[in-house]
Amino acid sequence: MPDVRGKRVVVIGAGPVGLCLALRLAQQDIPVTVVEALGEDNFLEQVPRAGTNHPATLELFDAIGLYRRLEPRGIVAPLFHYWDRHENRLIAEFDHAHLKDDTRFPYVLQCERIKIVEEALALAKTHPLIEVRLSTTFTSFEQNADGVTAHVANADGDAETIAGAYLVSGEGARSIVRKDLGIEFEGFTYSDRTLNIEVAYDFRQHGYTERNYISDPTEWSNLFHWKGPPDRWRVHFPTAPEDDEAAICRPEALQARLQRFLPTAKDFDIVGSNLYTVHQRVAKRFRVGRAILAGDSAHVNSPIGAMGMNSGVHDAFNLADKLAGILRGTLSEDQLDRYERQRRHVALQHTQQQTIRNKKLLAEKDPAVRSRNHDELRRTAEDPKRARAFLLRTSLIESLREAEAIA
Ligand SMILES: Cc1cc2nc3c(=O)[nH]c(=O)nc-3n(C[C@H](O)[C@H](O)[C@H](O)COP(=O)(O)OP(=O)(O)OC[C@H]3O[C@@H](n4cnc5c(N)ncnc54)[C@H](O)[C@@H]3O)c2cc1C
C-alpha cells in the first residue's frame, strides 16, 4: 500500500461538511488539517440552523461512528405532516416506514447542527490523523501541480501557511476559495427573509408531529421539534421585504405572531429568535485543480425540506472516498471531475428544484391550485407505492442513486 502520510488534505471549516469529510478521510488513513475560525470559547455559540437528518445521512453518520453519539441527543421521527393553516387541518401524513426496505434508518433524526458539530469535533480531536486548528482564520491560498498552500491567521493573529495535497472548502456560503477561484454562484436570493422563533411548548397536544410543513396563502410556516432540556420547537414564518428587522424581532411582535398562529391562554415561552436570508444558488464549478468546494460553499438552498446540510454531508462522503482513492493511488484524479458531475447534478436537479417547489407549495395563493396540491399530497400519502416514491425523493435517497449512475 502506498505511503499516504505526506499527502495531507487541508479542510477549511469545521461545519458538518468539513468535519464529516475529515473523519471519513482519516478513517481511510489520510491525514487532515481542519482550519476553523471559531475557537473553544465560542464554537457552541452559533445561530440555530439545520436539524433534520434524513435516512441516507444517518447511514453515513453511522459509518464514521457519529450516529451513536447523536441518537441520544435527538428525536427519532418516522412521520412528517403537511397542514393547511387556512382551514386548520392535517392534509397528509407521511411515514418513513415505507422506506424500510431502502434504508436501515426508516426515519429522520431531529438533531440540531450544533450538536452534530459538537460531537463530530470531539471525534476529530481525538483522531490521531486529524489536526484541528481552532481560532484560525483562512485568508487565501495558492496551488501548483504538486499541492496547495493555505494562508491563515493563527490563534495569536500571526500569519502562517499550511501545505497539503488538496484543499477543500467547507467554509459555508461565503467561501473565500470559491471567490478566489472566480467561480460564479449562479441562482437567486429571495427578497423576503424568514423569521425563526424557538419556543418551549409542546405542539403535539394540537395534533402536530415532530416535523410539520404548514401551507397558508398569507403566512406559511414550518414547525419542528428538538430535544432539550428544555424541549424546543422551531417555528418559521415568512416576512415582507420591507419589514423592519428590529420591529419584527421585538418580544411583543414575536408573541403576537405566535398567538395568531395558535392562540393559547398563556404567553409562549420564547427561548430565541433570528431572521435569515434565503438563497438558491449553485457554484458553476465544484473543482479547479486541487481546490474543491463542498457543502454550502458549493450550493445553498431554502431550508424547507431539510436538504442543505444533508446534501452537503453527501458531498463530503463522495469527495472523501475519491480523495482517499487518489492519494492511495487506486483512483485517477479525473474522479474529481466525476465528483463535480455527480454532486452538481444533485444540487441542480434535486435540492434546488425540490426546495423551490416546497416553498411554492406552502405559499400558494390561488385557492384552486392550493386545493389541487393538497388533494395530490393526500392521494400520495394514502397510496403506499406513491408514498414510497415520494419519500425516496424527499429523503434524498433517489438523488444518491441517480448520482451513483453518473459516470
Ligand atoms: C434556519 C436554517 C435551518 C436549516 N435547516 C436545515 C435542515 O433541517 N436540514 C438541512 O439539511 N439543512 C438545513 N439548513 C442548511 C444548513 O444549515 C447548511 O446547509 C449547513 O450548515 C452547511 O454546512 P457546511 O459545513 O457546508 O457550512 P457551515 O455550516 O456554514 O460551516 C462552515 C464553517 O466554516 C467556518 N469558516 C467559515 N469561513 C472560515 C474561514 N475563512 N476560516 C476558517 N473557518 C471558516 C465557519 O465558522 C463554520 O464553522 C438550514 C439552514 C438554516 C439557515
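The values are calculated or read from the model by the stated rules, or taken from the named source; none is laboratory data. None of these values were measured; they are calculated from a predicted model. Here the Cβ is made from the backbone with ideal geometry for all residues, glycine too, and neighbour counts use every protein chain on show.
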* Lone qualifier among Pro72, Pro2, Pro48 - being more than 15 Å from the ligand (Cβ to nearest atom) and modelled with pLDDT under 95 -> Pro2
* To do: Might you let me know whether the range 308-316 holds any residue that is among the acidic types (Asp, Glu), touching a Lys or Arg at 6+ places or on another chain (Cβ under 7 Å) and within 16 Å of the ligand (Cβ to nearest atom)?
  => yes
* **Selection count where residues are within 10 Å of the ligand (Cβ to nearest atom) and of a type in the set (Asp, Glu), scope the range 107-141** => 1
* Structure fact -> If we keep only residues of the range 12-45 that are β-branched (Val, Ile, Thr) and near the ligand (Cβ under 8 Å from one of its atoms), then the residue nearest to Leu195 (Cα to Cα) is Val17
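State yes or no: is Gly157 within 14 Å of the ligand (Cβ to nearest atom), without any contact (Cβ under 8 Å) to a residue 24 or more places away in the chain and outside any strand (DSSP E or B)?
Details: within 14 Å of the ligand (Cβ to nearest atom): yes; without any contact (Cβ under 8 Å) to a residue 24 or more places away in the chain: yes; outside any strand (DSSP E or B): yes.
Yes: the conditions hold for Gly157.
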* List every residue pair whose Cβ atoms sit under 6 Å apart, with the two residues 6 or more apart in sequence or on different chains, where the first one lies in the range 43-66 and is without any contact (Cβ under 8 Å) to a residue 60 or more places away in the chain and under 16 Å from Ala306 (Cβ atoms) and the second, anywhere, is more than 8 Å from the ligand (Cβ to nearest atom) and assigned to a loop (DSSP other than H, G, I, E, B). => Leu58/Phe105
* Asked: In the range 173-191, what residues are within 14 Å of the ligand (Cβ to nearest atom), crowded, with 17+ Cβ neighbours inside 10 Å and in a loop (DSSP other than H, G, I, E, B)?
  -> Ser175
* Asked: Can you find a residue in the range 304-312 that is more than 15 Å from Glu398 (Cα to Cα), among the β-branched types (Val, Ile, Thr), buried (at least 20 other Cβ atoms within 10 Å of the Cβ) and within 15 Å of the chain's Cα centre (by Cα)?
  -> yes
* To do: Filter the range 352-407 down to the residues that are of a type in the set (Gly, Ala, Ser) and without any contact (Cβ under 8 Å) to a residue 24 or more places away in the chain, then identify the one that is nearest to Asp216 (Cα to Cα).
  => Ser371
* To do: Output the number of the condition that Ser273 fails; it satisfies all remaining conditions of (1) part of a loop (DSSP other than H, G, I, E, B); (2) small (Gly, Ala, Ser); (3) closer than 30 Å to Pro229 by Cα.
  => (1)
* Among the residues of the range 264-297, how many are near the ligand (Cβ under 8 Å from one of its atoms) and either out of contact with any Gly (no Cβ under 7 Å at 6 or more places or on another chain) or not acidic (Asp, Glu) (or both)? -> 6
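Pick out, from the range 99-148, the strands (runs of 3 or more DSSP E) lying fully within it that include 3 or more residues that are closer than 24 Å to Ala163 by Cβ.
130-133, 137-143
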* **Residues located in the range 257-271, provided they are charged (D, E, K, R), under 29 Å from the mean Cα position of the chain (by Cα) and closer than 15 Å to His236 by Cβ** => Arg257
* **Some residue of the range 275-297 being closer than 20 Å to Tyr213 by Cα, in contact with a Phe, Trp or Tyr (Cβ under 8 Å, 6 or more places away or on another chain) and surrounded by fewer than 19 Cβ atoms within 10 Å (Cβ to Cβ)** => yes
* To do: Return the total of residues in the range 313-340 being more than 18 Å from the chain's Cα centre (by Cα) and closer than 15 Å to Ala63 by Cβ.
  => 2
* Asked: Can Ile326 be described as within 13 Å of the ligand (Cβ to nearest atom), surrounded by fewer than 24 Cβ atoms within 10 Å (Cβ to Cβ) and more than 20 Å from Arg178 (Cα to Cα)?
  -> no
* For the range 7-91, list the strands (runs of 3 or more DSSP E) that sit wholly inside it and hold at least 1 residues that are buried (at least 21 other Cβ atoms within 10 Å of the Cβ); which are they? -> 9-12, 32-35, 79-84
* Out of all the residues in the range 222-263, which are of a type outside the set (Ser, Thr, Tyr), within 16 Å of the ligand (Cβ to nearest atom) and more than 18 Å from His206 (Cα to Cα)? -> Lys227, Phe237, Pro238, Glu245, Ile248, Cys249, Leu254
* Which numbered condition Arg234 misses (of (1) within 16 Å of Ala306 (Cβ to Cβ); (2) of a type outside the set (S, T, N, Q); (3) assigned to a helix (DSSP H, G or I)) -> (3)
